[in-house]
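Presented below is the structure to which this report refers.
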Amino acid sequence: MLDCRPGEALVVNFAFQLHHMPDESVSTINQRDQLLRMVKSLNPKLVTVVEQDVNTNTSPFFPRFIEAYSYYSTVFEDIVNIVACEGEERIERYEVAGKWRARMTMAGFTSCPMSPNVIDMIRKLIREYC
């Protein structure tokens with residue numbers, strides 16, 4: 001499928017994309033989890049998920065509105081879709097980190113901690129710029 005050569009490592013980066021995909025609240029055909037399982041079947045060496053840690057994927061309007069308002073108090077680009085649309089029309093469907101973690105686990109992925117070297121580098125960068 002990807003024409004990988006022996007010794008090559010496949011890395012998949014889901015950066016701000018998964019929240020646009022419909023999930024089980026929209027259809028029994030859960031495209032989010034299907035994509036995660038398909039990627040898992042490719043045996044990647046590393047998969048990263050970069051998503052906002054906010055829950056706008058709830059059905060009741062008021063809790064969804066409160067979450068959206070809190071998160072988007074300075075940036076209102078996506079708020080209309082989150083609060084005014086339902087079903088397939090609502091494409092902005094953020095979930096909290098724990099929910100993404102559970103989805104990844106259900107798709108067969110395992111998490112791993114950052115190495116001490118990476119943590120040290122992050123701390124150095126924070127000290128340098130903060």
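Structure notes:
- Within region 4-80, the proportion of Cα pairs with more than 18 Å between them is 54 percent.
- The distance separating the Cα centre of region 1-53 from that of region 74-108 comes to 15 Å.
- Helices in the chain, meaning DSSP H runs of at least 4 residues, each add -39500 (n - 2.57). Divided by all residues, the mean residue ellipticity at 222 nm is -12000 deg cm²/dmol.
- A protection proxy built from the mean count of other Cβ atoms within 10 Å ranks the segments 89-98, 35-44, most packed first, as 89-98, 35-44.
- Tilt relative to the chain, helix 97-106 - C-alpha long axis, 0 to 90 degrees, to 10: 60
- Set against the labelled values (i) 25.7, 88; (ii) 17.5, 52; (iii) 13.0, 37, Rg and Dmax of the Cα atoms in Å computed from this structure falls on (ii).
- Between helix 116-129 and the chain: long-axis angle, C-alpha atoms, 0 to 90°, nearest 10: 60
- Qualifying aspartates and glutamates (Cα of each under 17 Å from Cα of K40; at least 8 residues distant if same chain): D3, E8
- Sorted ascending by nearby beta carbons within 10 Å, beginning with the fewest, T28, T56 become T28, T56.
- Amide proton proximity set for V12, modelled H, under 5 Å, gap of 5+: L46, V47, T48
- Backbone HN-Hα couplings from phi across region 48-54 [Karplus 6.51/-1.76/1.60, Hz, Gly and Pro as x]: 10, 10, 10, 9, 5, 8, 8
- Projecting the Cα positions of M21, M1, N57 onto the charge dipole of region 1-84 (unit charges on Cβ atoms of Lys, Arg, Asp and Glu, taken about the Cα centre) puts M1 furthest along the positive direction.
- Cα-centre dipole for region 14-130 with unit charges at Cβ (Lys and Arg positive, Asp and Glu negative), debye to 20: 620
Computed from the coordinates by the stated procedures, all read-outs in this text should not be read as laboratory data. All values derive from a computational prediction rather than experimental measurement. Glycine also receives a Cβ, built like all others from the backbone with ideal geometry; neighbour counts cover every protein chain displayed.
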